[in-house]
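Read-outs: derived from the displayed coordinates by stated rules, not from any lab. Everything quoted here is computed from the prediction, not taken from an experiment. So basically every Cβ, Gly included, is an ideal-geometry build from the backbone, and we count neighbours across all protein chains shown.
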Amino acid sequence: MSGGEVVIRRVEGLVSDLRATSVPIGVAELTDAMAAITHVDLSRRNEVRLALVSTLVKRASDYSVFDILFDVWFPAGVARPSGVPLRDRLVQALANDDDTQLVQLAREAAAEGPARYQRAVRELGASTLASDALRNSRATGMAGTPARLTAAVDRFLRALRKEILARQHAEAANCDAAALVRPENVEIAAASAVELDELRSAVRPLARRLAAKLHSARRDRRGTLDMRRTIRRSLSAGGVPYDPVWRRRRPQRPDLWLICDVSGSVAEFARFTVGLVSAVHDVVSSLHAFVFVDDIVELTDTLADRSHDIDAFALVGAAAVGLAGRRSDWGRALRAFEERHANCIGRRSTIIILGDGRSHGADPGADVIERLCHKARRVTLLVPELHEQWGTTDSALPAYADAGAVLREVRNLLQLSEAIGELATG
């Protein structure tokens with residue numbers, strides 16, 4: 001296959017993924033793009049990009065999606081300098097506010113590091129990059145500010161995510177690049193500040209779709225065939241059962257109990273979870289919501305007030321103010337929940353606990369989970385961590401699984417929505 005044919009195939013793939021992410025591209029735009037690339041040097045990646053972005057993208061809001069997918073279909077080459085460790089060069093580039101170098105380092109990190117974005121961020125020590133760059137900036141006499149350096153770190157992380165997407169696409173022919181760039185597929189715990197804003201914007205439409213799906217599933221659910229009434233009705237048609245009669249199934253709306261850990265990185269998951277669960281309030285008979293770190297705080301009364309739209313982020317943030325600065329203690333929080341509410345748990349109750357199960361060496365309260373499993377219909381733990389990390393260091397997840405809880409990995413909005421949907425109707 002010639003070089004021109006390869007470029008055409010990549011342009012077609014780019015256009016297909018852009019359309020899949022709701023970027024409006026018609027036949028005219030595609031024709032213009034194909035014509036434009038015949039007038040540029042195909043060996044110059046930036047010229048190809050300018051030709052495509054000027055013909056395919058018409059809305060300012062679509063530029064970020066185009067940038068990600070262009071890097072997927074037209075990955076840049078990677079230079080691998082030796083000597084100074086990558087992280088040290090990254091800190092220096094952040095201190096210098098050198099965007100060109102940041103993009104190059106993102107390519108290098110994606111090529112040499114782990115294939116998963118979250119793990120790459122962890123290995124680079126992203127949480128301390130801004131502080132290290134500020135220290136470097138002051139040591140060299142440069143006028144770096146925390147706000148500017150934080151913004152530079154965010155730009156680097158966005159570039160790193162795009163490069164890892166490109167690497168995943170190159171290694172897996174069946175990779176759905178369009179799905180990977182949708183906000184609901186971004187890993188919440190590893191999301192940058194800009195990505196978290198995009199995720200918050202995606203919560204409301206996703207919650208509406210979840211609520212509509214649950215209402216539809218409950219409306220379409222039928223009971224078993226009523227043979228006696230079917231035969232009686234068929235007599236008017238000579239005994240042919242044209243119109244079967246179904247027994248009406250009495251709705252069994254679950255009693256939902258939501259308990260969210262709001263310590264550390266899982267606090268973002270708590271906000272998104274409360275936002276999604278509040279959308280299914282009509283599908284459950286009652287909804288009880290709690291947040292905890294080392295003690296438990298109830299949100300039920302606020303969720304029950306439907307006179308206004310609930311801002312889940314502000315609600316969880318306000319409830320967790322009194323818990324700020326504490327270390328998570330699952331055992332103490334679970335025992336407090338059992339002491340105050342165990343007498344309200346019954347066979348219709350579904351308990352959802354969100355968190356990583358880390359109690360910093362304290363008693364994890366696995367015996368409480370076991371007793372709740374005996375009382376409730378189901379106890380499910382939604383874990384925003386990779387399955388490979390379960391049971392490492394101070395994680396008590398294996399003990400909770402042995403106690404009877406069902407563990408499910410959820411790392412993005414889509415997985416979270418699917419899990420809540422199943423639990424709300426199951």
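Points worth noting:
- Neighbour net charge for S263 - beta-carbon separation under 14 angstrom, K R +1, D E -1: -3
- Rounded FRET efficiency, nearest 0.05, which uses the C-beta distance separating H387 from T128 and R0 of 22 Å: 0.25
- Our coupling estimate for segment 367-379, obtained by passing each phi through the Karplus curve with A = 6.51, B = -1.76, C = 1.60 and θ = phi - 60°, is 5, 5, 4, 4, 5, 5, 5, 6, 8, 8, 5, 7, 10 Hz, Gly and Pro reported as x.
- Most to least packed among 233-241, 399-407 [average Cβ atoms within 10 Å]: 399-407, 233-241
- Backbone HN-Hα couplings from phi across segment 404-416 [Karplus 6.51/-1.76/1.60, Hz, Gly and Pro as x]: x, 6, 8, 9, 9, 7, 9, 10, 9, 4, 5, 4, 5
- Near F290, the amide H atoms lying under 5 Å from its own belong to L258, I259, C260, L299; only residues 5 or more places off or on other chains count, and H is placed 1.01 Å from N.
- In this rough spin-label picture, where each label sits 7 Å from Cα along the Cβ direction, the D367-R232 distance is 5.7 nm.
- ³J(HN,Hα), Karplus 6.51/-1.76/1.60, whole Hz, each residue of segment 397-403, x for Gly, Pro: 4, x, 5, 5, 5, 5, 6
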